[in-house]
Amino acid sequence: QVQLVESGGGLVQAGGSLRLSCAASGTIFSNSFMGWYRQAPGKQRELVATITAGDNTNYGDSVKGRFTISRDNAKNTWYLQMNSLKPEDTAVYYCNYRAFYGNYWGQGTQVTVSS
């Protein structure tokens, strides 16, 4: 089993920055996908960013150039640095861990960007 706990969400003004963290516990393999997704009210969950074991990254079009995903395998933790935040970034952010034995989600953390 895998447990994921997000932290770092909150309220920020437009143009500001936040850093989200996702701490994983349980059976964690470094050879896995880690990522962040978000869901705004009335919308489907969408990709924010993913990172592979080889540190290959992929970003949703709306966050490219503003957000950066990184991982610390020694701590079983990955991060999402969010800069130049916009009101449309307001959503619940979920971390995701995907390995050959399953796909796991955190409970979500609210990010609210005021204009």
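The values are calculated or read from the model by the stated rules, or taken from the named source; none is laboratory data. Computed from a predicted structure; not experimentally measured. All Cβ positions, even for glycine, are placed from backbone atoms using ideal geometry, and neighbour counts span all protein chains on display. Heads up: the accessible areas ignore ligands, DNA and RNA and are worked out on the full protein's heavy atoms, side chains in. Shrake-Rupley method; radii C 1.70, N 1.55, O 1.52, S 1.80 Å.
Under the classification rounded if a/c is under 1.5, otherwise prolate if a/b is larger than b/c and oblate if not, where does segment 60-115 fall, given a ≥ b ≥ c as square roots of the Cα gyration tensor eigenvalues? Note, shape of segment 60-115 comes out prolate. Both the radius of gyration and Dmax for segment 37-90 are 12.0, 37 Å, in that order, over alpha-carbon atoms. For the chain, give the share of DSSP beta bridges that are antiparallel, in percent and rounded to the nearest 5; count only bridges with both residues there. Antiparallel bridges make up about 90 percent of those DSSP assigns within the chain. Charged side chains reduced to their Cβ positions (Lys and Arg at +1, Asp and Glu at -1) give the chain a dipole of some 20 debye around its Cα centre. Label positions at Thr68 and Tyr101, each projected 7 Å from the Cα along the C-beta direction, are separated by 3.3 nm.
Summarising the overall dimensions of the chain from its C-alpha atoms, the Rg and Dmax are 13.4, 42 angstrom.
Taking a straight line from the alpha carbon of Lys86, these lysines sit under 18 Å away, with near neighbours fewer than eight places off in the same chain left out: Lys43, Lys64. For segment 34-80, the Cβ-based charge dipole about the Cα centre amounts to some 160 debye (Lys, Arg positive; Asp, Glu negative; other atoms uncharged). Remark: segment 57-71, residue by residue, has Karplus-estimated 3J(HN,Hα) of 10, 9, 10, x, 4, 6, 10, 4, x, 10, 10, 9, 9, 8, 9 Hz, where x stands for each Gly or Pro and the curve is 6.51 cos²θ - 1.76 cosθ + 1.60 at θ = phi - 60°. In segment 17-115, the portion of solvent-accessible area held by carbon and sulfur atoms comes to 46 percent [1.4 Å probe, whole percent, DNA, RNA and ligands not counted].
In the context of the full set of protein chains, residues of the chain present 52 Å² of accessible surface per residue (probe radius 1.4 Å, heavy atoms only). Across segment 74-84, rounded Karplus estimates of 3J(HN,Hα) from the backbone phi angles (6.51 cos²θ - 1.76 cosθ + 1.60, θ = phi - 60°) give 5, 9, 6, 9, 10, 10, 10, 8, 10, 10, 6 Hz, Gly and Pro being marked x.
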